[in-house]
1. Taking segment 66-93, which residues are crowded, with 17+ Cβ neighbours inside 10 Å, without any contact (Cβ under 8 Å) to a residue 40 or more places away in the chain and part of a helix (DSSP H, G or I)?
2. Residue by residue through segment 18-29, note down the ones that are under 20 Å from residue 315 (Cβ atoms) and more than 10 Å from the ligand (Cβ to nearest atom).
3. Return the only residue of 251, 205, 185, 193 being assigned to a loop (DSSP other than H, G, I, E, B) and closer than 26 Å to residue 61 by Cα.
4. Run down 273, 231, 198, 167 and say which single residue is out of contact with any His (no Cβ under 7 Å at 6 or more places or on another chain), closer than 30 Å to residue 341 by Cβ and at pLDDT 95 or above.
5. With the condition kept exactly as written, say whether any residue in segment 118-140 is in contact with a strand residue (DSSP E or B) (Cβ under 6 Å, 6 or more places away or on another chain), exposed (fewer than 14 other Cβ atoms within 10 Å of the Cβ) and either modelled with pLDDT of 95 or more or among the small types (Gly, Ala, Ser) (or both).
6. Which of the residues belonging to segment 133-142 are under 44 Å from the mean Cα position of the chain (by Cα) and not basic (Lys, Arg)?
7. Could you please tell me which pairs satisfy a Cβ distance under 7 Å, a separation of 6+ or placement on different chains, a first residue in segment 296-325 that is touching a residue at least 12 places away in the same chain (Cβ under 8 Å) and farther than 13 Å from residue 278 by Cβ, and a second residue that is loosely packed, with under 14 Cβ neighbours inside 10 Å and not hydrophobic (A, V, I, L, M, F, W, C)?
8. Just to be sure, is residue 154 assigned to a loop (DSSP other than H, G, I, E, B), touching a residue at least 12 places away in the same chain (Cβ under 8 Å), away from the ligand (no atom under 16 Å from the Cβ) and closer than 30 Å to residue 80 by Cβ?
Amino acid sequence: MNTTSDPKKPTRSVVRTRFAPSPTGYLHVGGIRTALFAWLIARQHNGQFILRIEDTDQAREVQGSAKHIQESLAWLGLDWDEGPGKDGPSDPYFQSQRLDIYKKWATKLVQEGKAYADPYTAEEVQAFREHAKANKKPFLYREHRPENPPVWDGGQPLRLKSNPKPYAWHDEVMGDMQAGAEVIDDFILMKSDGFPTYNFAHIIDDHEMGITHVIRGQEFLASVPKYLDLYETLGVPAPIFATMPHILGSDGTKKLSKRDGAKDILEYREEGYLPEAMRNFLASLGWNDGTEQEVFTTEELLEKFSLDRVQKSGARFDERRLLWLNGAHIRLLPLEKLAHIVGNKLGGASFWPPEAFDFDETYRTDVLRVVQERLKFFQELPELSKFFFVDLPVNISLIDDNKQLKKFSRSELHNMLESAKRSLEESDFTVDDLTERLNRLLEATGQKPGVLFSLIRIAVTWAPASPALADTLHVLGKEKSLNRIEACIKIL
Ligand code: GLU
């Protein structure tokens, strides 16, 4: 990327982005969208995408979470160039293993008189707070900066000696930003447990790891002025900032949370969503290419994605859209690939109903060819395909409750099926011949497809819906189709 033409951006030859999750549980759509955007930017510029595990808050850490996060990224195809399992020049990529690095930087700040050990007890700080409140003033730590701070031995919190002044900066998404000196305060760099705060660690790491673009959620936007102060104090250049808009729940009012349906991204894998559909869906949460296009392959995303088309306002999470997009991506798949995915769900299991394996692969592939049109996610495959493999029990209510069919008497329906049977008996059951015969039957009986085809469909599937009728009959084959029609005639 050539950044030299834009004076606002630091000049760097290589784009390096990162995803920096804290291992505090599973990744949901909100978290992983940031990873996708950072990955897209890195890949678009032939740069590097780095995975850094921010595990400095031991109390909030959840066992197994770091592994789970890696598995989620791997499923989504967001491969990292450096990070856990991928050695790189900035090893290690777990913050808990980088404590000596933070210590080194902290010590330097102390030596330069730019940071100090916090001498106060919790009670004393509380008293400062109450005093400020009583005077209707915001509480600022820097107003209580000790004149002679104790020697920092690593056992007390270490605070930054801030430089209160207004800051202005550019955010690739949010635009030109500014903040007054009142938001600048002496924040904690190192905690008394020897671990750095997020505020300190991420800045050190982003710098040491050569990160060019910090792409992250909106919850950090208000802290950027504090970070700018620290960058200046450290004497290191600030990266390019790109703040992602919040993802809102489906009602579009509040931020999507785990509580209102933001489930583990890997659950979508279990339900049979395609990673490419998920990537498309995630990209659409806050980004579009300015056209009406909705379905994007990953190649198209790589070509078209840009931070300047990420919107500022919150993006609404609508799972029905994901479902629709997944169907669209299923239809884009070559049949062979679809057959492979359906038959080899991760872990060796498959999405087929067990009965499908009483049939050979050719037959299963034929079934897949005709249900591909209707499939929205793989977990619904058994329901959509079962009648191809087993004779489903007669469910006469499908006829009795059908809006079109219930207008007819049983004997009228009986006669319609009889004519259908007579015609189909003559068929060679190719799709063409079946299509032609079915159309001629419509003319001969004077019925609408909604009546005649529904009746035949119910008779051969006993399922509420099926692929196109001629396709269904063709795949089922002559013998099975006629037997089922015959059985229905008997019932009627
Ligand atoms: N560890 C932070 C989080 O999980 C990362 C924020 C960032 O990307 O800098 O929220």
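1. Scanning segment 66-93 gives a single hit, 70.
2. Of all residues in segment 18-29, those under 20 Å from residue 315 (Cβ atoms) come to 19, 21, 27-29.
Passing the criteria: 28, 29.
3. On the way: 251 fails: closer than 26 Å to residue 61 by Cα; 205 fails: assigned to a loop (DSSP other than H, G, I, E, B); 185 fails: closer than 26 Å to residue 61 by Cα.
After ruling out the rest, the residue left standing is 193.
4. After applying the criteria, what remains is 273.
5. Let us first name the residues in segment 118-140 that are in contact with a strand residue (DSSP E or B) (Cβ under 6 Å, 6 or more places away or on another chain), namely 118.
Now drop any that are not exposed (fewer than 14 other Cβ atoms within 10 Å of the Cβ), which leaves none.
No; the residues of segment 118-140 include none that is in contact with a strand residue (DSSP E or B) (Cβ under 6 Å, 6 or more places away or on another chain), exposed (fewer than 14 other Cβ atoms within 10 Å of the Cβ) and either modelled with pLDDT of 95 or more or among the small types (Gly, Ala, Ser) (or both).
6. The answer is 138, 139, 140, 141.
7. 309/290; 316/252
8. Working: assigned to a loop (DSSP other than H, G, I, E, B): yes; touching a residue at least 12 places away in the same chain (Cβ under 8 Å): yes; away from the ligand (no atom under 16 Å from the Cβ): yes; closer than 30 Å to residue 80 by Cβ: no.
Judged against the criteria, residue 154 is not a match.
The values are calculated or read from the model by the stated rules, or taken from the named source; none is laboratory data. Just so it is clear, the structure is predicted and the values come from calculations on it, not from any experiment. FYI the Cβ positions are ideal-geometry reconstructions off the backbone, even for glycines, and counts take in every protein chain you see.
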